[in-house]
Amino acid sequence: MAIAALTGVAHEPARGMLGRIQNELFDLGADLATPGDDFAPSEMRLRIVPAQIARLEREIDAMNDDLTPLASFILPGGDPAAAHLHLARAIARRAERNAVAAAQEVSLNPLALIYLNRLSDHLFVLARWINRQRGDPLWTPGATRG
């Protein structure tokens, strides 16, 4: 949904990032579906690899370079695409919790767990990057107490 909400030339870099991530999510699913003791990628076994995590990290760093430091908690919203990205982040966090729990029962690729963690951070920073022109909706502590 988030990628569909990205319209206009200004969102082209975000569409590229999300397109790569969508493809990698299928790799991640294949990785998590084949627990075991050997996490080396092969023609028969898709595995998350360090280069995929490193790319997420590079993109996070590049987007953060365009952002002001956080001064408050961010509320989901702003641009519709950013709102979808905040929802995607929540889903990625839930997937990470489930994968960590599964890893207590079966042997999962540790890189898959790291990828999920970095993915949720990437989605959060991407939402902030999308909202950078209009500003992030910020939490105002106690604003509705009266």
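Each value in this text was obtained by applying a stated rule to the coordinates, not by laboratory testing. Since the model is a prediction, treat every value here as computed from it, not as a measurement. Don't worry about glycine lacking a Cβ; one is built from the backbone with ideal geometry, like all the others, and counts go over all protein chains shown.
Using only the Cα atoms of the chain, each taken as one equal point scatterer with no solvent, compute I(q) by the Debye sum, divide by I(0), and report log10 of the ratio at q = 0.09, 0.18 Å⁻¹. With no solvent term, the Cα-only Debye profile gives -0.32, -1.04. Working note: Karplus 6.51/-1.76/1.60 with θ = phi - 60° gives region 77-90 the couplings x, x, 4, x, 5, 5, 4, 5, 5, 5, 5, 4, 5, 4 Hz, where Gly and Pro are set to x. Each of 104, 34, 81 was placed along the dipole of the chain (beta-carbon charges, centred on the mean Cα), and the one lying farthest toward the positive end is 81. When +1 charges are put on Lys and Arg Cβ atoms and -1 charges on Asp and Glu Cβ atoms, the dipole computed for region 1-135 relative to its Cα centre reaches about 440 debye.
Residues whose amide H falls under 5 Å from that of residue 75, counting only those 5 or more places apart or on a different chain, are 138, 139, with hydrogens built in the peptide plane.
Given only helices, namely DSSP H runs of n ≥ 4 each adding -39500 (n - 2.57), what is the per-residue ellipticity at 222 nm of the chain, to the nearest 500 deg cm²/dmol? Could the numbers behind the result be given before it?
Working: 5 runs with 86 residues, N = 146.
Helix-only estimate at 222 nm: -20000 deg cm²/dmol.
Each residue of region 52-64 is assigned a 3J(HN,Hα), and the resulting list reads 5, 5, 4, 5, 4, 4, 4, 5, 4, 4, 5, 5, 4 Hz, derived from the Karplus form 6.51 cos²θ - 1.76 cosθ + 1.60 (θ = phi - 60°), x at Gly and Pro. In terms of the Cα gyration tensor, with a ≥ b ≥ c the square roots of its eigenvalues, is region 6-61 rounded because a/c is under 1.5, prolate because a/b exceeds b/c, or oblate? Judged from the Cα gyration tensor, region 6-61 comes out prolate (a/c at least 1.5, a/b above b/c).
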